[in-house]
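Each value in this text was obtained by applying a stated rule to the coordinates, not by laboratory testing. Quick caveat: nothing in here was measured; it's all calculated off a predicted structure. Glycine also receives a Cβ, built like all others from the backbone with ideal geometry; neighbour counts cover every protein chain displayed.
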Amino acid sequence: MSADAPDPSGHPSRYPSPYRTGLAGRCPRCGQGRLFAGFLKVAPRCERCGLDLSREDAGDGAVPFLILLIGAIGVGFGMIFLLGFDWSVWATLFVTVPLIAILTLASIPKAKGLLIALQFVNKAGDTGHNTFDADD
Ligand SMILES: [Zn+2]
């Protein structure tokens, strides 16, 4: 068994870092297979280790965190442009709205991947068991 291979006992410390795998969009168990089959569509199974990803339930859970974080960044830049550089409201909106949209679209897959990986490693299902493996 290699260092990155999944541990059959399911001990969380044997899994790759959820931050590394989640932000990279990789399988939370093996760290090799792709987590997404599209922009935000989770793949039904890991192509490398066969982990059933169809029951992941992150949904839109990552979006509120992004709204708070990126909204604060966007408003901060807007205030700097308006007050610090004396830009007009329209110029500020012309720059900050696309900035917020691009940052949001770029970070949604990473945030969703991170949330799924953290759910997997921390067995965040309703029963306290991993929701990914039926026999876990
Ligand atoms: Zn895998």
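Modelled this way, with points 7 Å down the Cα-to-C-beta line, the labels at Ala72 and Ala37 are 3.6 nm from one another. Distance between the modelled labels on Arg45 and Leu83, one decimal in nanometres: 5.6 nm (7 Å Cα→Cβ projection). Size estimate for segment 14-121 follows the Kirkwood approach: the inverse of mean 1/r over distinct Cα pairs works out to 15.2 Å. Placing unit charges on each Cβ (+1 for Lys and Arg, -1 for Asp and Glu) gives segment 14-121 a dipole about its Cα centre, and among Leu66, Val89, Gly31 the Cα reaching farthest toward its positive end belongs to Gly31. Fully extending the segment from Lys123 to Ala106 would add 3.4 nm, taking 0.36 nm per residue of separation and subtracting the current Cα-Cα distance. Ordering Thr104, Thr96 by the number of other Cβ atoms within 10 Å of each residue's own Cβ, fewest first, gives Thr104, Thr96.
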